[in-house]
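Shown next, in structure tokens, is the structure this report addresses.
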Amino acid sequence: GVDLVTRDIGIGDRQIAHMFRPAKQGRGQALPASQAKRLADVLGRPKAVLWEGGAVPQLLYLFEVPGEQRLGKLVVKLRDRDKRLDIQRHNWIVTGGLVDGRRLGVGPGAQYELVMGEM
């Protein structure tokens with residue numbers, strides 16, 4: 001149900017700061033800062049990609065984090081053409097963090113659908 005106008009995925013300083021913010025660190029959900037340099041590589045070669053439909057569909061890119069038992073995740077909101085403003089909106093990484101892959105509901109009738117890769 002999404003008419004993509006680009007495959008590009010962007011990220012801004014604000015979203016990077018959000019991934020590594022102290023509140024996430026306190027909960028143990030923040031990505032290690034060393035992972036910021038790997039974002040392009042992770043998007044190009046993820047362990048798995050999950051689909052989450054909804055009002056604003058999004059993809060979860062899951063990847064291995066060295067020295068960590070949990071998986072890293074990047075949440076990418078999919079954007080289509082804004083007809084009212086007549087502009088193209090880019091797909092955007094909105095956040096990231098660490099997640100226990102076993103707790104993600106994947107499969108028919110679950111919250112996420114496996115698009116590619118393996119869990």
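Would you confirm whether or not region 7-15 contains a residue that is closer than 23 Å to Leu114 by Cα, surrounded by 10 or more Cβ atoms within 10 Å (Cβ to Cβ), in contact (Cβ under 8 Å) with a residue 12 or more places away in the chain and among the aliphatic types (A, V, I, L, M)?
yes
No other residue among Val42, Val76 is modelled with pLDDT of 85 or more, of a type outside the set (Lys, Arg), surrounded by 11 or more Cβ atoms within 10 Å (Cβ to Cβ) and in a strand (DSSP E or B) apart from Val76. In the set (1) among the polar types (S, T, N, Q); (2) assigned to a loop (DSSP other than H, G, I, E, B); (3) open to solvent by less than 70 Å² (accessible area, probe 1.4 Å), Gln35 fails one condition alone, (2). Which pairs do you get when a residue that is farther than 19 Å from Val94 by Cβ and open to solvent by 30 Å² or more (accessible area, probe 1.4 Å), found in region 58-72, comes within reach of a residue that is among the β-branched types (Val, Ile, Thr) and part of a loop (DSSP other than H, G, I, E, B), reach meaning Cβ atoms under 6 angstrom, with the pair 6+ apart or on two chains? No pair meets every condition.
The values are calculated or read from the model by the stated rules, or taken from the named source; none is laboratory data. What you see is a predicted model; the values in this text were computed from it and never measured. Counting neighbours? That spans all protein chains shown, and the Cβs are built from the backbone with ideal geometry, glycine included. Surface accessibility is based on the protein's heavy atoms, side chains included, excluding ligands, DNA and RNA. Shrake-Rupley method; radii C 1.70, N 1.55, O 1.52, S 1.80 Å.
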